[in-house]
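Read through the structure below, which is laid out as structure tokens, and then see the notes.
The values are calculated or read from the model by the stated rules, or taken from the named source; none is laboratory data. Everything numeric here is computed off the predicted structure, so don't read it as measured data. Positions of Cβ are backbone-derived with ideal geometry, glycine not excepted, and every protein chain shown enters the neighbour counts. When the accessible area is computed, the model is the full protein with side chains, heavy atoms only, and any ligands, DNA or RNA have been set aside. Shrake-Rupley method; radii C 1.70, N 1.55, O 1.52, S 1.80 Å.
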4 protein chains.
Amino acid sequence: MNRRELLRDVSIATAAASLVSSAQAQVPAAGINVLIAYYSVTGNTEKMAQGVAEGAKTVSGTSVVLKRVGEVTAEDLLSSDAVIIGSPVYFGNMAGEVKTFFDNWLLKFDFFREFKMRNKVGGAFATGGSISNGKEITMMAILEAMLINKMIITSAGGTFGFGASATTGPDSPGIDEKELAAARDLGKRVTEVAGVNKRGLAQVQ
Amino acid sequence: MNRRELLRDVSIATAAASLVSSAQAQVPAAGINVLIAYYSVTGNTEKMAQGVAEGAKTVSGTSVVLKRVGEVTAEDLLSSDAVIIGSPVYFGNMAGEVKTFFDNWLLKFDFFREFKMRNKVGGAFATGGSISNGKEITMMAILEAMLINKMIITSAGGTFGFGASATTGPDSPGIDEKELAAARDLGKRVTEVAGVNKRGLAQVQ
Amino acid sequence: MNRRELLRDVSIATAAASLVSSAQAQVPAAGINVLIAYYSVTGNTEKMAQGVAEGAKTVSGTSVVLKRVGEVTAEDLLSSDAVIIGSPVYFGNMAGEVKTFFDNWLLKFDFFREFKMRNKVGGAFATGGSISNGKEITMMAILEAMLINKMIITSAGGTFGFGASATTGPDSPGIDEKELAAARDLGKRVTEVAGVNKRGLAQVQ
Amino acid sequence: MNRRELLRDVSIATAAASLVSSAQAQVPAAGINVLIAYYSVTGNTEKMAQGVAEGAKTVSGTSVVLKRVGEVTAEDLLSSDAVIIGSPVYFGNMAGEVKTFFDNWLLKFDFFREFKMRNKVGGAFATGGSISNGKEITMMAILEAMLINKMIITSAGGTFGFGASATTGPDSPGIDEKELAAARDLGKRVTEVAGVNKRGLAQVQ
């Protein structure tokens, strides 16, 4: 590519890398509202949700709401700039409670008809007892529900291209530091993209 | 939700709705580069690609590169702000040629190591001979490859939550006007989101 | 391939084609128990379930239990040779009620620990408001849950490779004859494969 | 459930458990032909393929053909009773070479028109650099292609519900004993189900 494109590309990469430090300096009032919703029985998915929250908070001016899916209100969802949802894996997909939570975006909250979640940034995380038994499918199912609602989707990419996940069964009980780091990366990444998206939307008004 | 949040929400929705008209007025110089890459044997996927291009061009200041996946260069990809990829459905997933194109992002172009596609906005479209036989899976497989590359994913939402698709077999031969309209909606939506994302990134530099 | 293999291959195809007529003559007492479970609000998925039941009954010596997922008992599941499950598509995946039904295979029925559903033959069907908006993903999610339970999966193949599906929104309201025919094909196919599997299991005892 | 059903259920479970020992005694001539096809650059997927072959050979009277996808002939496929396919994960899905292999079932071998692969039993395995980055999606994509061809799908269930997989990146380089055991379980399971299916088909002729 030519020199100009190279510089452009590098500058974008730099911009992304320096979002945290620059965000506050640039747009002091641009608070980013992040909703992290999860379902958890054993506490594993809850621990991952806390990691996602820690990552989101590393982005200046971010306020985080951390709730179980059953406690999330329409206002929690509508007032958010980013929504990150997590579920344990049951039989290869999200728990029935999490699917029911999404169904309520239509049946209870009536968001779908007017695409009330449009342009919010979304991410997903999952915990499962074994390595390849539904964490990918679960994260993608969460992201698919978000896409249908006109949300904008992202992840930390690479090793965690679909979101953050943790193996919690006999092979690797509980949430280890590496898995928590992935949760933090997801929270930081989704919040940064939501910040960029929010600033961009403000520009075109 | 309180009045302030309501106004904020409405203004964002309005912003999104008025992106096209406002983009030129606000940021005359902000050209958005859209790459549309596809594989096509019968011409159906190519026709959808042209529809996606038409939609992208409705966004002021957009330049479109429309190419077959086999002809796409590293520079085509690196100089893009948005990448929209389409494939016919073969046995429930993207054609081998399209999968090989993605594999080349690693094997030939070496983009993956440094996440060179990071922060570009992505979308997908697919054509298939029958109604429920792989178009969804194909579009999601394209979006999954993009997520792993740290791209930001979107769609026109709703009826076309995974992207734009067309049924081309006996039940509905060729590409009809409704399917072309979906292709245009996808091109317009992905380009708008890329424009917002590009403006936002410029703000945080 | 050589003549012997050709004959073998042809004979298998013939066998499959003639399962219905031959089943009763061969093994008069070999009743095949088929459970068809579904969730339905509008009646569309229920109508598809009835089509699946009609198809299953075309196989001699088959008894069908047709129930809503909420009414299915552990005995309904354990006494079946084949299980075919259908769901409407909500936000790109099975309804929360259907996912909760699967979760109960673990939480309520405790089937998973000893793989109590092992070797039963499974199939899936789905109804959705639009063409490419989750019917494939929903059918695959149902089949994935079955695979994890060590079930054996099949479909009518071809146009309905993932199972039987119907588009029920504005473009194609309700269940048309073609969609009902797909439901019947699924019911017949899954029952035939279950019959073959049951006879095979009897041989190795 | 009643006593009769309980006994029936237990006997089926027992049958499945004792397939290996009983197969030869019962049907000495019933050779099961298993084709294991894979793509491998680093040797990891090849090592898993060898594990799958070892597992298949534990079933009496089984002959195994182990080949790279590029070397598989139409006769290899048509003369098989079971087909087990493996791929490394590239960007969240099977390698382009493996997808092209499937595409050839239509484009080169012309199997699809007459469902020449109908009633063969299929399974999948995958290797990927990281834990949750496409192994599930890859295995399901392989199984989906098989379903469209009217094949009958199975897996070892449970922890490996989608097939056998191995993590080969920094976290867990190469193929360890546990992953090889999963490959063997898959080979054994798919071969057993193919044996049951073959005996069942013979009964209904």
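Quick grid of which residues meet (1) polar (S, T, N, Q); (2) touching a strand residue (DSSP E or B) at 6+ places or on another chain (Cβ under 9 Å); (3) at pLDDT 95 or above:
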| residue | (1), (2), (3) |
| --- | --- |
| D:8 | no, no, no |
| D:44 | yes, yes, yes |
| D:56 | no, yes, yes |
| D:82 | no, yes, yes |
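If you take the residues in the stretch B:187-205 that are touching a Leu at 6+ places or on another chain (Cβ under 7 Å) and at pLDDT 95 or above, which one is farthest from residue A:193 (Cα to Cα)?
Here is the first cut: in the stretch B:187-205, the residues touching a Leu at 6+ places or on another chain (Cβ under 7 Å) are B:192, B:195-196, B:204.
Within this subset, residues satisfying the condition of being at pLDDT 95 or above are B:192, B:195-196.
Working: B:192: 15, B:195: 14, B:196: 11 Å.
By that ranking, first place goes to B:192.
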Worksheet item: Does at least one position in the stretch D:158-174 carry a residue that is more than 13 Å from residue D:59 (Cβ to Cβ), touching a residue at least 24 places away in the same chain (Cβ under 8 Å), open to solvent by less than 10 Å² (accessible area, probe 1.4 Å) and within 10 Å of chain C (Cβ to nearest Cβ)?
Response: yes
Item to complete: Sort out which residues of the stretch D:186-196 are open to solvent by 10 Å² or more (accessible area, probe 1.4 Å) and under 18 Å from residue D:46 (Cβ atoms), and write them in order of number.
Response: none
Worksheet item: Name the pairs: first residue in the stretch D:53-69 and under 13 Å from residue D:84 (Cα atoms), second residue open to solvent by 40 Å² or more (accessible area, probe 1.4 Å) and of a type in the set (Phe, Trp, Tyr), Cβ to Cβ under 9 Å, at least 6 apart or on different chains?
Response: D:68/D:39; D:69/D:39
Item to complete: Please enumerate the residues belonging to the stretch D:175-205 that are at the interface with chain C (Cβ under 9 Å from one of its Cβ atoms), over 21 Å from residue D:146 (Cα atoms) and aliphatic (A, V, I, L, M).
Response: D:202, D:204
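On the basis of being open to solvent by less than 30 Å² (accessible area, probe 1.4 Å), at pLDDT below 50, more than 14 Å from the chain's Cα centre (by Cα) and within 27 Å of residue B:145 (Cα to Cα), does residue B:16 make the cut?
Numbers: open to solvent by less than 30 Å² (accessible area, probe 1.4 Å): yes; at pLDDT below 50: yes; more than 14 Å from the chain's Cα centre (by Cα): yes; within 27 Å of residue B:145 (Cα to Cα): yes.
Taking the combined requirement at face value, the residue satisfies it.
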Practice prompt. Residues being of a type in the set (A, V, I, L, M), over 21 Å from residue B:116 (Cα atoms) and out of contact with any helix residue (DSSP H, G or I) (no Cβ under 8 Å at 6 or more places or on another chain): count how many of those fall in the stretch B:136-180.
Written response: 1
Worksheet item: Which residues, counting only those in the stretch C:175-185, are open to solvent by less than 30 Å² (accessible area, probe 1.4 Å) and part of a loop (DSSP other than H, G, I, E, B)?
Response: C:175
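Could you say whether any residue in the stretch B:94-111 is among the polar types (S, T, N, Q) and in contact (Cβ under 8 Å) with a residue 40 or more places away in the chain? Working first, answer last.
First, the residues of the stretch B:94-111 that are among the polar types (S, T, N, Q): B:100, B:104.
Within this subset, residues satisfying the condition of being in contact (Cβ under 8 Å) with a residue 40 or more places away in the chain are none.
No, the stretch B:94-111 has no match at all.
Can you pull out every residue in the stretch B:145-157 that is more than 7 Å from chain A (Cβ to nearest Cβ) and open to solvent by less than 10 Å² (accessible area, probe 1.4 Å)? Can you show your working first?
Going residue by residue through the stretch B:145-157, those that are more than 7 Å from chain A (Cβ to nearest Cβ) are B:145-146, B:151, B:156.
Hits for the stretch B:145-157 are B:145, B:146, B:151.
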